[in-house]
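The values are calculated or read from the model by the stated rules, or taken from the named source; none is laboratory data. Since we're looking at a predicted model, the values are computed, not measured. Virtual Cβ from ideal backbone geometry, glycine too; neighbours counted across all protein chains shown.
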Amino acid sequence: MIIHCATVPETNGRRGYPIGGQQGLLQHLAVRVTTPANPFRPHRHEREEIWYIIEGAGLVSLDGVEHAVEAGDVIILKPWVEHGLRTEGQVKWLCLG
């Protein structure tokens, strides 16, 4: 699931992303930087993850289908969904899993 920033209204300086039912106990939190020389190669695992795109734009691959993402977007990854991220520039993003 991808939640594009443009579809989430901002009220009083707050943007509340609709992630109800997606929360779980976190195993890790990481800020990552993806570039053409450092792509986040497709892989899969048993844990759910939530990604937040901080800066830049790129292509997220979900089970082999690429989706454009940009700063402010949220990606919710279910267990065992193959996922990766590539860009022609630089993407800074937060991974919660």
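Look at (1) at pLDDT 95 or above; (2) assigned to a strand (DSSP E or B) and you find that Leu94 fails only one, number (1). Among the residues making up the range 2-39, those that are at pLDDT below 80, part of a strand (DSSP E or B) and either touching a strand residue (DSSP E or B) at 6+ places or on another chain (Cβ under 8 Å) or surrounded by fewer than 10 Cβ atoms within 10 Å (Cβ to Cβ) (or both) are Ile2, Ile3, Thr11, Arg14, Leu29, Ala30.
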